[in-house]
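The values are calculated or read from the model by the stated rules, or taken from the named source; none is laboratory data. Since this is a predicted model, take the numbers as computed values, not measurements. Cβ placement follows ideal geometry from the backbone for every residue including glycine, while neighbour counts extend to all protein chains displayed. Accessible surface areas use protein heavy atoms only, side chains included; no ligands, DNA or RNA. Shrake-Rupley method; radii C 1.70, N 1.55, O 1.52, S 1.80 Å.
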Amino acid sequence: MNHWLMKSEPDTFSIDDLKRKKREAWDGVRNYQARNYMRDGMRVGDPVFFYHSNCAVPGIVGIAEVATDAYPDPSQFDPKSKYFDPSSSRDNPRWMLVDVKFVKKLKRTISLDELKNDAALADMPLLRKGNRLSVMPVDATYWKHILALE
C-alpha cells in the first residue's frame, strides 16, 4: 500500500465538497510526474491526505482513499474544458485520473507552517523548496507521524 497527498484549492474543490459528494474524479492534473503517480503508483484503497492549497492557511484537512485504478481524464477530450488537450487522442490518452472517496475530515487543519516546523518531517517532498506538485507520495513514516498530530 502506498500513501499519497493530493492538493486542491478549497474554493475550487474542498474537503467539504468531497464529503458531500462522497466520491469524485480527480481531474485536471496536467503535470507528467503527478500523472505518472496516479497512473503507475496509485492503487484502489491507498490512503490520501487531502490538502488545501492557495488559501489563507494551507494544510492537510482530511483523508480520502483512492477509489479506482487510473483511467483517461475525459476533460482532455472536451474542447469546452479548460483542461482540453488537442494533442491527446482517445487511442493514446496523455492524461489520467483516479476517483477518490471521502474518508474523514480532520478535527483541525495541520498547517503547512506546522509541517515545516516539525523536524521529523524535514525531508518530506511536500516541504522541499520549489515543490509544486499537486499529487505526491507520502512515506509511511511521515504518514503515521502526521496522523499523530491531529
Taking the criterion of being at pLDDT 95 or above and open to solvent by less than 10 Å² (accessible area, probe 1.4 Å), would at least one residue in segment 83-96 satisfy it? no
Matching entry among 35, 43, 30, 20 (being more than 21 Å from residue 138 (Cα to Cα) and of a type in the set (Lys, Arg)): 20
Among 35, 30, which is the only one that is under 14 Å from residue 135 (Cβ atoms) and in a loop (DSSP other than H, G, I, E, B)? 30
Would it be correct to say that residue 19 is surrounded by fewer than 17 Cβ atoms within 10 Å (Cβ to Cβ), free of Cβ contacts under 8 Å to residues at least 12 places away in the same chain and either part of a helix (DSSP H, G or I) or not hydrophobic (A, V, I, L, M, F, W, C) (or both)? no
Take the residues of segment 133-150 that are closer than 14 Å to residue 5 by Cβ and outside any helix (DSSP H, G or I): which is modelled with the lowest pLDDT? 133
Could you check how many residues of segment 22-51 are in contact (Cβ under 8 Å) with a residue 60 or more places away in the chain, out of contact with any helix residue (DSSP H, G or I) (no Cβ under 9 Å at 6 or more places or on another chain) and either of a type in the set (A, V, I, L, M, F, W, C) or open to solvent by 40 Å² or more (accessible area, probe 1.4 Å) (or both)? 7
For residues that are buried (at least 17 other Cβ atoms within 10 Å of the Cβ), outside any helix (DSSP H, G or I) and of a type in the set (A, V, I, L, M), tally how many sit in segment 98-132. 5
Output the qualifying pairs, or none if there are none: Cβ atoms under 7 angstrom, residues six or more apart or on different chains, first residue in segment 135-150 and of a type in the set (A, V, I, L, M, F, W, C), second residue part of a helix (DSSP H, G or I). 135/34; 135/37; 135/38; 136/37; 136/125; 136/126
